[in-house]
Amino acid sequence: MHNAPPGRRRPTPAAGVPLIDGIDKVTGRARYTADLEHRGALVGRILRSPVGHGEILRLDVTRARRLEGVVAVVTGEDCRHTYGVLPVAMNEYPLARGKVRYRGEPVAAVAAIDAETAARALALIELEVRELPAHYDTASARAPGAVLLHEDRPGNIERAVHHVFGDPAAGFATADLVREACIDCAEVNHAQIEPHAALAEYDPQTARLTMQSVSQVTFYLHLMLARCLQMEESRIRVIKPFVGGGFGARVEALNFEIVTAMLARAAEGRVLMELTREETFITHRARPQTSVRIKLGLTRDGRLTACECEVVQRGGAYAGYGIITILYAGALLHGLYDIPAVKYDGYRVYTNLPPCGAMRGHGSVDTRHAFEVLLDRMARELGLDPFAVRRRNLLVAPTRTLNELAVNSYGLADCLDRVEEASGWRGRRGHLPRGKGLGMACSHYVSGAAKPIHWTGEPHAVVNLKLDWDGSVTALTGAADIGQGSSTMVAIAVAETLGVPIERIRVVAGDSATTPKDNGAYSSRITFMVGNAAIDAARRLKKLLIAAAAHKLGEDPENLDCLGGLFGSTRATQTTLSFADAAKAALVNEGTLTVKGTFTCPPEAQGGKHKGGAVGSTMGFSYGAQVVEVSVDEATGRIVVERVWIALDCGFAINPLAVRGQIEGSVWMGMGQALMEETRYLDGMPAHASLLEYHVPTSVDSPPIEAYIVESIDPNGPFGAKETSEGALAGFAPALIAAVADALDVDLDQLPATPDRVMDALVARRRRQRLQHQPAGDAK
Amino acid sequence: MTAPLPPFRVLRPQAIEAAVAAGAAPGGARYLAGGTDLLVNLRRGLLAPAVLIDLGGIAEFADIRCTDQRTRIGSGVTLARLATDPAVGARHPALRAAAVAVAAPGHRNLATIGGNLCADTRCIYYNQSEWWRRANGICLKSGGEICHVAPEGKRCHAAFSGDLAPALIALDAVAEIAGPGGRRRIACADLYAEDGRAHLQLGGADLITAIELPAEPVRSGYLKERVRQAFDFPLAGVAVALATETGRLSMLRVAITGTNSRPFLVENTAALLGRAVDEELLGQLDKLVQKQVRPMRTTLTPAGYRRIVAAALARRLLASLGASAAASVA
Ligand SMILES: Cc1cc2nc3c(=O)[nH]c(=O)nc-3n(C[C@H](O)[C@H](O)[C@H](O)COP(=O)(O)OP(=O)(O)OC[C@H]3O[C@@H](n4cnc5c(N)ncnc54)[C@H](O)[C@@H]3O)c2cc1C
Ligand code: SF4
């Protein structure tokens, strides 16, 4: 069975291998989009709306067009087609038409011979807007009489979701303790280090467009370029150079990419668009500000009886991934614990702010945070150990959740054991000095959406392998390596299946002219889906090689295998054949070999029949448990994270080195959201739009992270593997808040837990304690 | 990409007099030291001088000289050097602590003491791109008519956010100035005015050449609060210098940055002299600080927090310096 982990027979070192493109990156050889050869390219710049909401009365570009050195100017007039990642919710134009809906929305763009000319041209564009009332928060957008951002969305509700599974009322009735919490999580941004950039070239002779961009989803970008430019798909080529981080920032076609292509076509040449950090922040598409009202029922011994959850997301001005995000937020209440009844009401609200989108842990993070925080508070109230409460509510795999999500492997119990022991929880919790505390929480995430957004009937993933006369194996994949290491994963999967050292495999990725289509780097789908497709392709190739080698060695193919790059009998030591010779033999009469491997999620894995039931469905969930240790300074409100212990069930670690990197990265990103990351708009102006004001933690703020890998060997995963890049994120913030509660007995209801919010909570606690200690008569 | 820099010429004089002469030339000139404040502001279009006068060619600016009477630090000495110089560290712990707290190592390798003292004041409505400021309405500090922080008033409240100034003020340092009218000396505390638009009491061509600190040993320290522990300006920064005689305070200077348009010496601390550092005294300092700081909504962090934390830091520093003084008496 191809799913069996390779175990000790693995030709790659047990500790894992460095990423195959790592040396290129650390030596500076790697070329990112802005580094690509762009001599002679025009400079693209975008004019952005200064107002939050308004009707465009006049947009006059004549003076800009006339400026010497300006080669092309485009506006909303040049594209009458909407774009968007969800076929049901494409309501955005690459350049505004008719209305502007957030401050910073692209309105026009120029291509000029240099940056100064482009800047001068922008200043010459005349824009007249009749301002409309703008709604910068969900309460104002939902208030009666609010001006609608989109005529077809009454109440500015992009999507309302109402799901009930089981009998919540009955569940709460059997509970010994029912508690509620209102938790507010600030909007955050991916803050990937590479700012957005795109290089587009249009050849008027062949009427072809070549697009190189920072995309995580070249296929979706390809689709939207064809749609917005009204070009035949076959005339477009999309290439993904090295990408400096994605985290969801680039999982849909972005306005500046389409605008760059529009400019290139209008200029009949090459245009380089490099966004500033501010513009990169404005492009946004990240985790929305989210208000969660959550209610849980618990028996005296910690058994969950019911969950009720209302989520309001401030989605920004356009649809983007919004419908998926609000569905995920409810769907992933399931799948971590065994809960008999769950009611979910979700509201995605349009507001006059940059559109939100997908971000690492898409949809799950803020609701998971609220859930875990409340569970921790209730455990304290009942005098129960938080680990015991989790253990009381474990699932047993294989199972299906109330909302029809398949859970095929489940290593959460092991994760709990590992971090409980490693952190010394039992001996230390409750015995730390004042101001120091320990907290824990759990989380999970999908290994790829079992039903892709653009359902076409094609397999979920395709990998091609080319074997040539020189004995080299080239793996061709559309999967976008954005730093997460997916190309290395493909190389390992092929090498291990073939039984050759990884050095024999070359990976070519992310070029629509040569690599098979791939849906891209999102929902942690690549290892599971592309990994399985790579294994499938390698098995097919291996079969051909074994047949050829058997012929050459006069052996029965049944008895042959390839180990360490040598074909030989599995029964006795016989003569062997080198891989290169086997390859030559296989090419006789055939020539260069190309084989294809695929992976398809079976329909039964694609979720329930209820509306939106496909969201959250996956072939396998990763599971994580973590413990966070903090010190809190009562005089300044500053939280210092002293240490983190995290165990993640990733099914099987194909490359342990990369798995650890991804776990640490998730924890670290969760820490940023928990402690300091936060977008801030002043009347709709992005005041946070620099790496100075948008605080991502630095190395000084980063604690030691001890990561433990738990391997539950998923029955369907490649070698038993599941996702590893997102599952650990959502657990950090609630573990931190629990640790602060342990340290100082304060309940924090807001993220991030910045020093000022901690101080406010401390002041509130002191006031509460004063009232408690006052004799009853004095209280009035 | 980042926004293009406005065009300018760069001069690189070798002597102080030549620098001052260039600084006084008509047409608008700016001194350029490490550039870590100035270049960011140029890119954001906050100013557009025709000439930048690079001070890197003036050799004596890079000197540190220690005598029995004083420490003399050239205005071009980098913060990285201040942070590691053994004599500075031993004599003036507050200055070293302040230098280490600035920005991040890459900045400190370039940034100078002179540039730090003369850095522009900061405001969340001001330190933004040109697009941003225009879209939001140009404010007083950028030449507009209104202040977004205090719309009813007519002054700018942008906060001085340099870390070194409070340390130097607490340590009673003096700045040496070379200007068109010749040389003069000004106490660091007197370099500043409470006006976010014009916080420096210096003419455009005035050049800080060196800083002098008295050598007699005092206990000193600097503490700063910020959202993250590197790469972040102070929400509030407090320097304390003190001396004790038989366990009682004989000298106390407390200076604060990040809360007002100028770094300032906390007033009325004389009442605390002659007393031991105890809870009551700390409480009094806390009150003095809370009364004298004037944080406004110039940062994304609420002003009220900056007030409370300034006092908390002052209290903590006085407690720890006072305690170590007591320990050395015993
Ligand atoms: C990301 C970032 C974070 C930062 N964080 C901090 C921080 O935490 N704390 C902090 O204090 N600062 C911080 N800064 C600001 C800056 O780095 C420091 O203030 C630095 O010390 C400025 O020194 P410089 O030599 O680079 O000055 P420059 O940028 O060269 O000059 C600053 C100003 O001083 C004038 N000037 C320079 N030298 C003289 C002189 N000798 N005489 C008269 N005028 C002079 C210049 O004309 C200019 O107006 C930060 C900057 C950045 C970009
Ligand atoms: S305090 Fe007022 S005038 Fe000064 S920079 Fe800020 S908004 Fe402008």
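Table for the structure above
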| read-out | value |
| --- | --- |
| First in region B:135-157 and of a type in the set (S, T, Y), second anywhere and part of a helix (DSSP H, G or I), Cβ under 9 Å, 6 or more apart | B:S142/B:R133 |
| Top-ranked residue of region B:127-154 - restricted to ones that are within 14 Å of chain A (Cβ to nearest Cβ), surrounded by fewer than 22 Cβ atoms within 10 Å (Cβ to Cβ) and among the polar types (S, T, N, Q), ranked as nearest to A:R277 (Cα to Cα) | B:S129 |
| Matching entry among B:R43, B:R9 (being more than 14 Å from every other protein chain (Cβ to nearest Cβ), out of contact with any Gly (no Cβ under 6 Å at 6 or more places or on another chain) and either closer than 30 Å to A:F256 by Cβ or open to solvent by 30 Å² or more (accessible area, probe 1.4 Å) (or both)) | B:R9 |
| Strands (runs of 3 or more DSSP E) contained in region A:121-223 and holding at least 3 residues charged (D, E, K, R) | A:126-131, A:177-185 |
| Region A:489-511: number of residues that are crowded, with 21+ Cβ neighbours inside 10 Å and either over 27 Å from the mean Cα position of the chain (by Cα) or farther than 27 Å from A:V251 by Cβ (or both) | 7 |
| Single residue of region A:663-675 satisfying the filter (buried (at least 24 other Cβ atoms within 10 Å of the Cβ) and either in contact with a strand residue (DSSP E or B) (Cβ under 9 Å, 6 or more places away or on another chain) or part of a loop (DSSP other than H, G, I, E, B) (or both)) that is nearest to the other protein chains (Cβ to nearest Cβ) | A:L675 |
| Residue in region B:46-54 that is in contact (Cβ under 8 Å) with a residue 24 or more places away in the chain and within 14 Å of another protein chain (Cβ to nearest Cβ) present | yes |
| Region A:391-424 - residue that is assigned to a helix (DSSP H, G or I) and out of contact with any Phe, Trp or Tyr (no Cβ under 7 Å at 6 or more places or on another chain) and, of those, surrounded by the fewest Cβ atoms within 10 Å (Cβ to Cβ) | A:E421 |
| Subset of region B:289-316 (residues that are open to solvent by 30 Å² or more (accessible area, probe 1.4 Å) and away from ligand 2 (no atom under 16 Å from the Cβ)) | B:Q290, B:K291, B:Q292, B:G304, B:R307, B:I308, B:R315, B:R316 |
| Single residue of B:D232, B:D286, B:D278 found to be open to solvent by less than 50 Å² (accessible area, probe 1.4 Å) and more than 19 Å from the chain's Cα centre (by Cα) | B:D286 |
| Residue match in region B:188-203 (condition: touching a residue at least 60 places away in the same chain (Cβ under 8 Å), within 14 Å of chain A (Cβ to nearest Cβ) and acidic (D, E)) | no |
| Members of region A:230-243 found to be buried (at least 20 other Cβ atoms within 10 Å of the Cβ) and either assigned to a loop (DSSP other than H, G, I, E, B) or within 14 Å of chain B (Cβ to nearest Cβ) (or both), listed by number | A:K240, A:P241, A:V243 |
| Residue match in region B:185-199 (condition: more than 16 Å from ligand 2 (Cβ to nearest atom) and among the small types (G, A, S)) | yes |
| Residues that are away from chain B (no Cβ under 14 Å) and either modelled with pLDDT under 95 or in a strand (DSSP E or B) (or both), drawn from region A:686-715 | A:I705, A:E706, A:A707, A:Y708, A:I709, A:V710 |
| For B:Y126: the one exception among (1) more than 8 Å from ligand 2 (Cβ to nearest atom); (2) over 19 Å from B:R307 (Cβ atoms); (3) aromatic (F, W, Y) | (1) |
| Single residue of region A:608-635 satisfying the filter (assigned to a loop (DSSP other than H, G, I, E, B) and polar (S, T, N, Q)) that is surrounded by the fewest Cβ atoms within 10 Å (Cβ to Cβ) | A:S617 |
| Within region B:51-131, strands (runs of 3 or more DSSP E) holding 2 or more residues that are within 12 Å of ligand 1 (Cβ to nearest atom) | B:51-54, B:70-74 |
| Members of region B:97-121 that are surrounded by 23 or more Cβ atoms within 10 Å (Cβ to Cβ) and within 14 Å of ligand 2 (Cβ to nearest atom) | B:T121 |
| Complete set of residues in region A:244-265 that are closer than 18 Å to A:D114 by Cβ and away from chain B (no Cβ under 14 Å) | A:L263, A:A264 |
| Pick from region B:155-166, criterion more than 11 Å from ligand 1 (Cβ to nearest atom) and in a loop (DSSP other than H, G, I, E, B), ranking: surrounded by the fewest Cβ atoms within 10 Å (Cβ to Cβ) | B:R155 |
| Members of region A:94-122 found to be closer than 16 Å to A:V61 by Cβ, away from chain B (no Cβ under 14 Å) and open to solvent by 40 Å² or more (accessible area, probe 1.4 Å), listed by number | A:R97 |
| Residue match in region B:169-180 (condition: in contact with a Leu (Cβ under 9 Å, 6 or more places away or on another chain), surrounded by fewer than 20 Cβ atoms within 10 Å (Cβ to Cβ), in a loop (DSSP other than H, G, I, E, B) and in the same structural domain as B:V293 (by TED's automatic domain parsing)) | yes |
| Filtered residues of region A:673-707 (kept if within 25 Å of A:G624 (Cβ to Cβ) and out of contact with any helix residue (DSSP H, G or I) (no Cβ under 9 Å at 6 or more places or on another chain)) | A:E678, A:T698, A:S699, A:P704 |
| Only one of B:A165, B:A87, B:A83, B:A98 that is more than 14 Å from chain A (Cβ to nearest Cβ) and over 21 Å from B:G258 (Cα atoms) | B:A87 |
| Which listed residue, of B:L249, B:L282, B:L213, B:L223, is out of contact with any Pro (no Cβ under 6 Å at 6 or more places or on another chain), at pLDDT 95 or above, more than 16 Å from ligand 1 (Cβ to nearest atom) and within 14 Å of another protein chain (Cβ to nearest Cβ) | B:L282 |
| Region A:602-639: number of residues that are without any contact (Cβ under 8 Å) to a residue 24 or more places away in the chain and either touching a Cys at 6+ places or on another chain (Cβ under 7 Å) or within 25 Å of A:T754 (Cα to Cα) (or both) | 1 |
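The values are calculated or read from the model by the stated rules, or taken from the named source; none is laboratory data. These numbers come from a predicted model, not from an experiment. Here the Cβ is made from the backbone with ideal geometry for all residues, glycine too, and neighbour counts use every protein chain on show. These accessible areas exclude ligands, DNA and RNA; they are computed on the full protein's heavy atoms, side chains included. Shrake-Rupley method; radii C 1.70, N 1.55, O 1.52, S 1.80 Å.
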